[in-house]
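Before any comments, here is the structure.
The values are calculated or read from the model by the stated rules, or taken from the named source; none is laboratory data. This is a predicted model, so every value here is computed, not measured. Glycine also receives a Cβ, built like all others from the backbone with ideal geometry; neighbour counts cover every protein chain displayed.
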Amino acid sequence: MPELPEVENARQVVEKALHRTITEIDDHDQYECRPHKPGEIADALVGGRLTKALRRGKAMWCETETADGDEGPTLGIHLGMGGRVIVTAPEGEESSNYGGGNAKVGVRKSDKPEWTRFSMSFDDGGQMRLFDKRRLGRVRLEPDIDALGPDAAEITRDEFRDMISRSAAPLKARLLDQHAIAGIGNLLADEVLWQSSVSPSRRAKTLSTEEVDELRRVLRRCTRAAIRKGGVHTGEIIPYRNADSSCPRCGAPMKRGTVGGRTTWWCSKEQA
């Protein structure tokens, strides 16, 4: 599942589709567009425009307006494990979240047309497409985002202190809880905890206020870096999350275990 940086990169691509009149929508894939029937999304949006591309954590959605300028339904877009948003400009140039937020990346030679699960055409000749080989993404009207916690990139100091200090869960499990803090996935959690030199299995409420504040600073720094570089796979510790690897900072062996139900890697010395 994509993490916050990948979804933010995709949101930046979707921004290129804003304020363009929608002339046609292909929503035939009933699995990708569940629970809607073919044509239901098209009936709701054709003739209108996307007006804002928004994100909270791993959730992304667009606000819309109708052809008459009234407020339209919200359109949710979920990338799944490997989905890509591709937006074609009027002159034919394509932008995709594959390779970074503003990468100019079209359909690759290995891509197949049937992997386009949803498409939206504009009156200027351009398109927005959800390209999803594994068919794990989702497009739907009026997505529910109310259950999500504050966005990990925007969470305030007081919100973060509260979310961490009132939990007895292992720290990594708390960071992965989307109801508490939205957007942190497995790789970003390992990166943040390694850069903070904190054990992933330490109980969240045992951190001091100073440690919690430092954890938030590291989270914000790691998130910004991952967005800028194109994804969480660019983190410093990510290449060392494998057997026989050593911590690139101190040389101690990396350890592997399960925390919060997820495979976790940490430095055996600095994160003991």
Odd one out for Ala243, checked against (1) modelled with pLDDT under 95; (2) under 23 Å from Met81 (Cα atoms): (2)
Members of the stretch 250-272 that are in contact (Cβ under 8 Å) with a residue 24 or more places away in the chain and either loosely packed, with under 14 Cβ neighbours inside 10 Å or not in a strand (DSSP E or B) (or both): Gly257, Gly260, Gly261, Thr263, Glu270, Gln271, Ala272
Residue in the stretch 17-58 that is nearest to Gln127 (Cα to Cα), counting only those that are surrounded by 17 or more Cβ atoms within 10 Å (Cβ to Cβ) and under 18 Å from the mean Cα position of the chain (by Cα): Ala53
Residue selected from the stretch 177-192 under the condition in contact with a helix residue (DSSP H, G or I) (Cβ under 6 Å, 6 or more places away or on another chain) and of a type in the set (A, V, I, L, M, F, W, C), by the criterion surrounded by the fewest Cβ atoms within 10 Å (Cβ to Cβ): Leu187
Cβ-Cβ under 8 Å pairs, at least 6 apart or on other chains, the stretch 124-144 side within 13 Å of Arg34 (Cβ to Cβ), far side β-branched (Val, Ile, Thr): Gly137/Ile77; Arg138/Ile77; Val139/Ile41; Val139/Ile77; Arg140/Ile41; Leu141/Ile41; Leu141/Thr74; Pro143/Thr74
Test: residue in the stretch 202-218 that is of a type in the set (Gly, Ala, Ser) and assigned to a strand (DSSP E or B): no
Evaluation of Gly83 against (1) more than 18 Å from Arg140 (Cβ to Cβ); (2) modelled with pLDDT under 95 (one fails), failing number: (1)
Members of the stretch 217-233 that are under 15 Å from Ala189 (Cβ atoms) and not small (Gly, Ala, Ser): Val218, Leu219, Arg220, Arg221, Cys222, Thr223, Val232, His233
Any chance Arg216 is among the charged types (D, E, K, R) and farther than 18 Å from Gln271 by Cα: no
Residues being more than 14 Å from the chain's Cα centre (by Cα), outside any helix (DSSP H, G or I) and hydrophobic (A, V, I, L, M, F, W, C) - total across the stretch 137-191: 7
Residues (basic (Lys, Arg) and surrounded by 16 or more Cβ atoms within 10 Å (Cβ to Cβ)) located in the stretch 141-164: Arg161
Filter pass, Asp123 being surrounded by fewer than 21 Cβ atoms within 10 Å (Cβ to Cβ), at pLDDT 95 or above and more than 16 Å from Glu15 (Cβ to Cβ): yes
Test: residue in the stretch 201-214 that is closer than 16 Å to Gly257 by Cα, in contact with a Phe, Trp or Tyr (Cβ under 6 Å, 6 or more places away or on another chain) and assigned by TED's automatic domain parsing to the domain that holds Arg262: no
